[in-house]
1. Sort Lys98, Lys147 by heavy-atom solvent-accessible area, probe 1.4 angstrom, most to least.
2. Summing Lys, Arg as +1 and Asp, Glu as -1, what charge do residues with Cβ under 13 Å from the Cβ of Arg26 carry, Arg26 excluded?
Amino acid sequence: MLASAPVKASQNALEIPARQQRLLARWLRVWETPSLSDRLRVEFSPRLRRSFGRCYQRERLIRLTPSLLSNQSHLLTEILCHEAAHAAVYELYGPRCKPHGVEWQEMMRMAGYEPRVRIPVAVRSAEHPQGRSGKPLYIHRCPVCRKARAAVRPMRRWRCQHCRRDGRSGRLVILRSASQRRGASSTR
């Protein structure tokens, strides 16, 4: 690890790239938690299959999925910031704060990111039009704001929360992924 970012790496072969190490050290300074860098560990775990990362606040441990280093590298910085913000909130405010509460949101904004809880599944599976089980994915897209989510089956009750907040119906258009046969789309 770099001297300017003494974040500890676990005994993994994989380490966060130098650029992200420098960014992490900068975020910790901006969040007024620079001493956290002495105790915070970052490791990659192939066991993470349902999320890109997790923060174990009491252990001061961040676990990231190894796919962030290769086919999802464009997300690595944001995911690392997301998880580090959890650790900083815990360091400053203790265990009583909500996981994605006001304090966490403010830290994400201070780091230059929009505080979002989930990355759309469609982004995660762009290279793989099929879900983990090999079933085809259904893309649920908002016709107004164009946000999208994916699922292995049509989720007719899902609504676009952004449009719902603006007083719209939030109804989504459901399309089968491109790998499926043509003409089999639903618009509910």
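The values are calculated or read from the model by the stated rules, or taken from the named source; none is laboratory data. None of the values given here were measured: they were computed from a predicted structure. Cβ coordinates were reconstructed from backbone atoms using ideal geometry, including for glycine residues, and neighbour counts include every protein chain displayed. Surface accessibility is based on the protein's heavy atoms, side chains included, excluding ligands, DNA and RNA. Shrake-Rupley method; radii C 1.70, N 1.55, O 1.52, S 1.80 Å.
1. On the way: Lys98 150, Lys147 105 Å².
Result of the area sort, largest leading: Lys98, Lys147.
2. Every neighbour counted, the sum reads +2.
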